[in-house]
Amino acid sequence: MQNDDVRLQLMRQFPVEVVEARDARNEMYYACPTCSRPVAMGMDKCSGCTQVLSWKNINQGLSENGVRKAVLEFEVASDFNIGNCRKCPISYIGRTDSGSVYECPLKMSGSCRLKLI
Ligand SMILES: [Zn+2]
C-alpha cells in the first residue's frame with residue numbers, strides 16, 4: 001500500500017494534459033485528468049490531487065477565433081526596411097491597370113508586420 005502511494009505521487013509529477021469537460025449547464029470547463037476536479041485555466045498543478053498539469057494541446061486550439069500564429073523566418077538584404085516590398089524577397093510582381101506593383105503574398109502591403117531580428 002505504501003509503495004502504491006509513492007508510485008502515485010511520482011506519477012503525478014509528470015505533466016498530464018488537462019481534459020475538457022462540460023457542466024450541468026453544458027458549459028465547458030477544464031478538469032484534472034487524474035481526479036476530474038475542475039482546474040482554473042493555466043494552472044500548473046491540480047490543487048486537489050497535486051497532479052502536474054499540461055496545457056499544450058489545449059492552448060493550441062484555444063487562440064481567439066480559432067486563429068493560430070505562425071512564424072516564418074527568412075533572410076532579407078541588409079538595406080531592407082520594414083514595408084519595403086521592393087526589397088522584400090517574398091514579394092512578387094503583380095499587374096494592375098496602372099502597371100506592375102510589388103505584391104505581398106501575406107497581404108501586408110502598406111501594413112507590413114515583419115519584424116527584423
Ligand atoms: Zn486532480
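The values are calculated or read from the model by the stated rules, or taken from the named source; none is laboratory data. Just so we're clear, the structure is a prediction, and the values are computed from it rather than from any experiment. With ideal geometry, Cβ positions are generated from the backbone for all residues, glycine too; neighbour counts draw on all protein chains shown.
The table that follows gives values for the structure above.
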{"item": "Top-ranked residue of the stretch 49-84 - restricted to ones that are of a type in the set (A, V, I, L, M) and at pLDDT below 90, ranked as farthest from Val16 (Cα to Cα)", "result": "Leu72"}
{"item": "Hits in the stretch 7-24 - residues which are assigned to a helix (DSSP H, G or I) and surrounded by 10 or more Cβ atoms within 10 Å (Cβ to Cβ)", "result": "Arg7, Leu8, Gln9, Met11"}
{"item": "Long-range neighbours under 8 Å by Cβ, at least six apart or interchain, first residue more than 14 Å from Arg113 (Cβ to Cβ) within the stretch 74-101, second among the aromatic types (Phe, Trp, Tyr) and in a loop (DSSP other than H, G, I, E, B)", "result": "Lys87/Phe80; Pro89/Phe74"}
{"item": "Arg95 vs. criteria in contact with a strand residue (DSSP E or B) (Cβ under 6 Å, 6 or more places away or on another chain) and of a type in the set (D, E, K, R)", "result": "no"}
{"item": "Pairs, first away from the ligand (no atom under 16 Å from the Cβ) in the stretch 18-40, second of a type in the set (Asp, Glu), C-beta under 6 Å, six or more apart", "result": "Met28/Glu20"}
{"item": "Residue check for Glu27: modelled with pLDDT under 90, loosely packed, with under 11 Cβ neighbours inside 10 Å and within 30 Å of Arg113 (Cβ to Cβ)", "result": "no"}
{"item": "Residues of the stretch 85-113 classified as modelled with pLDDT of 90 or more and assigned to a loop (DSSP other than H, G, I, E, B), total", "result": "6"}
